[in-house]
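**Q** Sharing a structure below in structure tokens format, with a few things to ask.
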Amino acid sequence: MKTLEQHLSELPLVVLEAIARRQGLVIEASSRGEWIAKLAAVILDAEHLRHVVDELDHQARAALADLLAANNRIPTPTFERKYGAIRRFGPGRLQQEQPWNAPVNIAERLWYWGLITRAFVKMDEDMVECVGIPADMAERLPLSPQPNRLTLEPIDAPDEIYDEDQKLLDDLATTLIYAHNHRLWVNDDGRWRAKDLHRVWRQWLEPPPALDAPPRPGGRADLIFHLLRALDLVVIKQRRLTLRAATVTSWLNMTREAQMAALVQGWRESEDWDDLCLTPNLVCEKGNWRHNARAERNAALALLADVQPNTWHAWDAFVEAVHRTRPDFLRPDGNYHTWYIRDAEGLWLKGFEHWPDVEGRYLRYVWSGPLFWLGLIAWDASGKAWRLTQAGAAHLGLASASPPSSSTPPLQVTEDFEIILPSRASIYDRFRVARFCIWVASKPEYRYRITQRGLQRAAASGVSPQQVLHFLEQASHGNIPDRVRKALAAYRVG
């Protein structure tokens, strides 16, 4: 931000004289430059500044504290929305109007006291005009910055809670297992064929409502397929989808918590997953405009820094708090006229008055979509209350992660050659079971059945029946029915 002397040197003489009068100063000098230097020196005197600040009303002091809290730079549109616009006059009209005698808002009061200035500041890749306190004055102001925090009142916990927990991890693993065990060909656009979608979705814990339809853009299924690619777990070559062996092996050897963290990070860091343009009822038009999906996503997640995990909040109150205290989280330049977005009916959504239609809908989609699917947010049955989960706070770096369980519960092997995997079983164990079994059910537990076809498929990839038996001995803690043990020991692949 400019120094006070730099700021004063850009102002007309009549404004400089008005600033001196308002601050009760009489300056004598032989040149304009000397006059400005003396005026700046007196204004910056610590005792004088304290006297000036004491004379300001509460709103004016709050505006200065807001600037200090915002690293002394607030985009002009944002500042003007809250504190009013500083009217711009030509020389003749300036003399006629004399706005310093009757400032129409807080911004003008501060401007004609010489306490704020304007300058262009680099934000991301753009130069944005910002309002700030002259830099040398900001260092001396007897004010404390007030953190711009969300203040949310907790509400009572609901009776019915929807929490995805780690279901998305399990469904992604199911998809990976299916891709490993089947020859998969994709369409020209890289999407799975309908018959394979139908088969894999039947095995999910949370299948899409329409099993025969392609994944809805921005839906849960679409996110799963996106994360498979974003984490480099699958690759498409000549329209065939296969697993990247090294990446998959490394991922399978992680704990479930580390795997979930990788999924969260894959979504957070994605440049290709565009939450804004995937938000229902928003249509992003093509044209000469741009936005940064990754930066927007992480700005939205920063709103959770003021939220206590496992505390319930009313959704409408949360949106209103963001609207009131952090409205520009998506648009740090404060400009609401550069995005080309329509609603489903074709209405252009330009201007701050459409904040609920864009930012409000965006928040609803991210909170009830990716954050919910990834287990970071839980909802009540009505969709009117939500909470940040403990796992969510840990994954976002807002709380310490719970230590992983030191023991893995054993899987069960039944007399009729079924294998039952416990809740939160190791993904790697399920991946290995699926190599020599066929899927039976996913709820309430994962159930697989040992079959000759499965054993032959495993043998074709280098896993013998004896190796299968050795794995089951370990994973079941030795609890294998004699019938199953003998059958596997005697089985020979034809």
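**Q** Please identify every one of the trypsin sites (Lys or Arg not before Pro) in segment 47-97 that sits in a loop by DSSP and has no more than 15 other beta carbons within 10 Å of its own beta carbon.
**A** Arg87, Arg88
**Q** Here's something else I'd like to know. Please state the relative contact order of segment 412-490 as a whole percent: Cα pairs under 8 Å, 6+ residues apart?
**A** 31
**Q** Calculated FRET efficiency, Ala157 and Asn281, Cβ-Cβ r, R0 35 Å, to nearest 0.05?
**A** 0.70
**Q** Could you tell me the calculated FRET efficiency between Arg492 and Met127, based on Cβ-Cβ distance and R0 = 45 angstrom, to the nearest 0.05?
**A** In this case the efficiency is close to 0.05.
**Q** Between Asp306 and Arg424, how many nm apart are label points set 7 Å from Cα along the C-beta direction?
**A** Between Asp306 and Arg424, the simple spin-label model gives 3.3 nm.
**Q** So how far apart, in nm, are the two label points at Asn292 and His477 if each is 7 Å from Cα heading toward Cβ?
**A** For the pair Asn292/His477, the computed spacing is 5.2 nm.
**Q** Calculate the length of the line joining the C-alpha centroid of segment 375-395 to that of segment 171-229, in whole Å.
**A** Going from one Cα centre to the other spans 25 Å.
**Q** Take segment 221-309, compute every pairwise Cα distance, and split them into 10 Å bins from 0; I just need the percent in each bin.
**A** Per 10 Å bin, starting at 0, the Cα pair percentages come out as 14, 36, 32, 16, 2.
**Q** Whole angstrom only: what separates the Cα centroid of segment 39-105 from the Cα centroid of segment 1-25?
**A** 11
**Q** Compute the separation of the alpha-carbon centres of segment 330-365 and segment 119-147 and state it in Å as a whole number.
**A** Distance between centres, Cα-based: 26 Å.
**Q** Residues with beta-carbon under 15 Å from that of Ala399, excluding Ala399: net charge, scoring Lys, Arg +1 and Asp, Glu -1?
**A** Combined, the nearby Lys, Arg, Asp and Glu give -1.
**Q** Within segment 405-494, report the GluC sites (Glu not before Pro) that DSSP leaves as loop and that have at most 12 other Cβ atoms within 10 Å.
**A** Here the GluC sites (Glu not before Pro) that fit, given the DSSP loop and packing criteria, are Glu415.
**Q** From the C-alpha coordinates alone, can you work out the Kirkwood hydrodynamic radius of segment 187-231, in Å?
**A** After inverting the pairwise mean of 1/r, the radius is 10.9 Å.
**Q** Could I ask something else about it? Just to verify a number: FRET efficiency for Leu347 and Val235, C-beta to C-beta distance, R0 = 51 Å, to 0.05?
**A** Calculated value: 0.75.
**Q** So, one more: Report the Rg/Rh value for segment 302-410, based on alpha-carbon coordinates and the Kirkwood definition of Rh.
**A** Computed over Cα atoms, the ratio is 1.07.
**Q** Right, something else. When all C-alpha to C-alpha distances in segment 74-226 are sorted into bins of 10 Å, what percent of pairs does each bin hold, rounded to whole numbers?
**A** Reading upward from the zero bin: 8, 22, 14, 10, 15, 16, 11, 3, 0.
**Q** If each DSSP helix of 4+ residues adds -39,500 (n - 2.57) and the sum is divided by the residues in the chain, what number results at 222 nm, nearest 500 deg cm²/dmol?
**A** -12000 deg cm²/dmol
**Q** Among the lysines in the chain, how many pairs, 8 or more places apart or on different chains, have alpha carbons under 21 Å apart?
**A** Lysine pairs satisfying the spacing and distance rule in the chain number 6.
**Q** How large, in Å, is segment 65-108 by the Kirkwood hydrodynamic radius built from its alpha-carbon pairs?
**A** 11.7
**Q** Fully extended, how many nm does the chain gain between Ala46 and Glu206 (0.36 nm per residue separation, minus their Cα-Cα distance)?
**A** That pair, Ala46 and Glu206, stretches by 51.2 nm at full extension.
**Q** Wrap a convex hull around the Cα atoms of segment 412-490, take a quarter of its surface area, and give that in square nanometres.
**A** 4.7
**Q** Which whole-Hz ³J(HN,Hα) couplings does segment 122-133 yield from phi under the Karplus relation 6.51 cos²θ - 1.76 cosθ + 1.60, θ = phi - 60°, glycine and proline marked x?
**A** 7, 10, 6, 10, 10, 8, 10, 6, 10, 9, x, 8
**Q** How about segment 303-362: which GluC sites (Glu not before Pro) there are in a DSSP loop, with at most 13 other Cβ atoms within 10 Å of their Cβ?
**A** In loop regions of segment 303-362 (DSSP not H, G, I, E or B), the sparsely surrounded GluC sites (Glu not before Pro) are Glu345.
**Q** Give the dimensionless ratio obtained when the Cα radius of gyration of segment 4-138 is divided by 2.2 N^0.38 Å.
**A** Normalised by 2.2 N^0.38 Å, the Cα Rg of segment 4-138 equals 1.03.
**Q** Follow-up. Counting just the Cα atoms, what span does the chain cover along each of its three principal axes? Round to the nearest Å and put the largest first.
**A** Reported extents, whole Å, longest axis first: 108, 45, 41.
**Q** Sticking with this one: Which semi-axes, in whole Å and largest first, does the equivalent ellipsoid of segment 149-402 have when worked out from the alpha carbon gyration tensor as the square roots of 5 times its eigenvalues?
**A** Its equivalent ellipsoid spans semi-axes of 31, 23, 17 Å.
**Q** Taking the chain as a whole, which cysteines find no other cysteine Cβ under 4.7 angstrom from their Cβ?
**A** Cysteines of the chain left without a disulfide-compatible partner: Cys130, Cys437.
Every read-out reported here was derived from the displayed coordinates using simple, explicitly stated rules and does not represent laboratory data. These figures come from a predicted structure and were not determined experimentally. As a convention, Cβ positions derive from the backbone with ideal geometry for all residues, glycine included, and neighbour counts pool all protein chains shown.
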